[in-house]
1. Would you check if there is a residue in region 40-47 being closer than 23 Å to LYS289 by Cβ, at pLDDT below 70, surrounded by 17 or more Cβ atoms within 10 Å (Cβ to Cβ) and touching an Asp or Glu at 6+ places or on another chain (Cβ under 6 Å)?
2. Those residues that are part of a helix (DSSP H, G or I), more than 14 Å from THR65 (Cβ to Cβ) and either open to solvent by less than 30 Å² (accessible area, probe 1.4 Å) or of a type in the set (S, T, N, Q) (or both), I need them from region 92-116; list them, please.
3. Just to be sure I understand, how many residues within region 151-182 are farther than 30 Å from GLU282 by Cβ and part of a helix (DSSP H, G or I)?
4. How many residues are modelled with pLDDT under 90 and touching a His at 6+ places or on another chain (Cβ under 8 Å) if we restrict to region 172-215?
5. Can you pull out the residues in region 192-227 that are loosely packed, with under 14 Cβ neighbours inside 10 Å and over 25 Å from GLU392 (Cα atoms)?
6. Would you say ARG148 is out of contact with any helix residue (DSSP H, G or I) (no Cβ under 7 Å at 6 or more places or on another chain), open to solvent by 40 Å² or more (accessible area, probe 1.4 Å) and in a helix (DSSP H, G or I)?
7. Which is open to solvent by 80 Å² or more (accessible area, probe 1.4 Å) and assigned by TED's automatic domain parsing to the domain that holds ILE411, of TYR233, TYR242?
8. Inspect all residues belonging to region 379-387 and state whether any of them is free of Cβ contacts under 8 Å to residues at least 24 places away in the same chain, part of a helix (DSSP H, G or I), within 25 Å of the chain's Cα centre (by Cα) and surrounded by 13 or more Cβ atoms within 10 Å (Cβ to Cβ).
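The values are calculated or read from the model by the stated rules, or taken from the named source; none is laboratory data. Source: prediction; values computed, not measured. Every residue, glycine as well, gets a Cβ built from its backbone with ideal geometry; the counts of neighbours run over all protein chains shown. Surface areas here come from the heavy atoms of the whole protein model, side chains and all, with no ligands, DNA or RNA. Shrake-Rupley method; radii C 1.70, N 1.55, O 1.52, S 1.80 Å.
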Amino acid sequence: MADSVSSEEVAVISNTDITSTESENNIINTMVERGTALLRKLEINVAEAEKRTGKNTVNMQETYTVYLIEIRPAETEGGTPAAPDTLWRRYSEFELLRTYLLVTYPYIIIPPLPEKRAEFVWHKLSADNLDPDFVERRRVGLENFLLRVASHPVLSNDKIFFLFLTEEKGWRDAVLETGFQDKADSRLKSLSAMFRVKNPDKRFTALKQYSDELNSVISQLLRIRARVADRLYGVYKVHGNYGRVFSEWSAIEKEMGDGLQSAGHHMDTYAASIDDILEEEEHFADQLKEYLFYTDAVRSVCRKHELIQYELEMAAQDLAQKKQQKEELATGTVRIFSLKGMTSKLFGQESPEQKESRLAALEQSIQEGEETVKEKNTECQEFVRAAWDDIEHFKEQKDKDLREALISYAIMQISMCKKGIQVWSNAKECFSKM
């Protein structure tokens with residue numbers, strides 16, 4: 001899937017008459033914070049995509065796409081742009097980088113990658129992941145991913161991320177040497193925590209619910225847009241019939257012939273314009289898809305919090321059980337049925353030495369349990385603080401990005417309607433001159 005170039009800052013659009021260049025800039029641009037040290041030093045682009053053929057890990061021939069990453073100093077002496085450092089990356093390497101970031105920074109909402117297979121497409125659009133238009137949009141999306149990471153105050157300082165941008169050969173070994181795969185929480189463990197945690201944080205519960213609802217809303221928007229695109233395509237192409245009929249009619253007329261021929265030409269141009277319009281729309285759909293995929297990143301943070309909370313509760317429960325055992329042993333009373341209690345009744349009480357030994361072992365175990373609870377409690381508090389800082393940052397980014405995307409989409413629709421009015425105005429002029 002291709003990525004994107006989004007290196008310019010987004011401008012707030014205040015009028016509906018925008019040039020094609022401005023429209024292209026609005027599509028490509030993303031909201032990134034250029035105050036981070038990395039983006040002050042480097043310019044990052046994914047400059048192009050290239051199709052290659054080679055053998056995969058099981059020695060079978062395959063066709064795949066690689067993407068050219070370019071980085072250059074943001075400022076150079078004398079104002080002459082420096083030659084960029086370049087390297088090629090496959091989509092799977094971007095996936096490995098993102099997985100590493102997810103595991104290493106579980107309290108951060110990690111920016112998503114563009115889709116691997118085209119989703120929510122209208123029927124005339126190719127779903128082939130090697131289709132040139134799809135590869136180009138994925139290129140834009142991959143650049144956007146790199147800029148999102150590079151603009152993040154924490155992620156931008158990660159050594160592995162910097163190696164991803166600068167070391168073509170040794171990067172994969174470096175990321176695997178971190179041992180991040182051993183730290184990954186299993187899905188089964190996370191699922192168990194979700195259903196068994198007793199005191200979930202209401203803020204994270206509400207956030208997860210919001211994420212689910214946002215996912216549903218954006219999915220519906222994308223489905224509606226695809227259906228509208230299908231119908232719009234048909235409406236525009238049917239206008240080509242006007243062109244054909246006017247052209248045929250012009251052949252049998254003398255005075256009216258030129259006017260009919262010109263009107264038919266305007267209709268043909270109008271019918272042909274829908275392909276470029278809907279291709280441009282796909283870039284706006286990709287902006288919505290980014291936040292569709294962001295919802296899973298939000299849920300990932302919530303799941304990690306549930307797991308930490310569950311481990312804290314389990315440690316506290318284990319400590320409470322040990323304290324109860326100590327109290328029962330010290331007082332000789334058993335509050336609940338236990339196998340040890342039955343054994344004592346059947347075979348007699350323990351000797352004072354055995355009792356003292358067990359009390360000492362329990363005391364040691366309780367001290368260790370208290371330390372564990374303290375550590376888990378600190379871990380949970382630190383996770384909540386760090387995660388909530390990032391969540392607040394994400395909310396601001398989301399509101400700004402989606403507002404700009406919707407405004408740009410509305411402007412494009414207005415522009416499209418104006419073109420339709422202009423076509424019929426031109427046709428009217430042609431008819432008037434007949």
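1. Restricting attention to region 40-47, the residues satisfying the condition of being closer than 23 Å to LYS289 by Cβ are 44-47.
From what's left, at pLDDT below 70: none.
No - not one qualifying residue is present in region 40-47.
2. We begin by selecting, within region 92-116, every residue part of a helix (DSSP H, G or I); these are 92-104.
Within this subset, residues satisfying the condition of being more than 14 Å from THR65 (Cβ to Cβ) are 96-104.
Hits for region 92-116 are LEU96, LEU97, THR99, TYR100, LEU101, THR104.
3. Here is the first cut: in region 151-182, the residues farther than 30 Å from GLU282 by Cβ are 153-154, 157-160, 162-163, 166-182.
Of the ones still in play, those that are also part of a helix (DSSP H, G or I) are 157, 159-160, 162-163, 166, 171-177, 180-182.
Number of matching residues: 16.
4. The qualifying residues number 1.
5. Hits for region 192-227 are PHE195, ARG196, LYS198, GLN220, ARG223, ILE224, ARG227.
6. Working: out of contact with any helix residue (DSSP H, G or I) (no Cβ under 7 Å at 6 or more places or on another chain): yes; open to solvent by 40 Å² or more (accessible area, probe 1.4 Å): no; in a helix (DSSP H, G or I): yes.
Answer is no for this residue.
7. Working: TYR233 fails: open to solvent by 80 Å² or more (accessible area, probe 1.4 Å).
None of the others qualify; the one that does is TYR242.
8. Step one: of region 379-387, the residues free of Cβ contacts under 8 Å to residues at least 24 places away in the same chain are 381-382, 385.
Filter again for part of a helix (DSSP H, G or I), leaving 381-382, 385.
This time we only want the ones that are within 25 Å of the chain's Cα centre (by Cα), so: 382, 385.
Narrowing further to those that are surrounded by 13 or more Cβ atoms within 10 Å (Cβ to Cβ): none.
No: region 379-387 contains no residue that is free of Cβ contacts under 8 Å to residues at least 24 places away in the same chain, part of a helix (DSSP H, G or I), within 25 Å of the chain's Cα centre (by Cα) and surrounded by 13 or more Cβ atoms within 10 Å (Cβ to Cβ).
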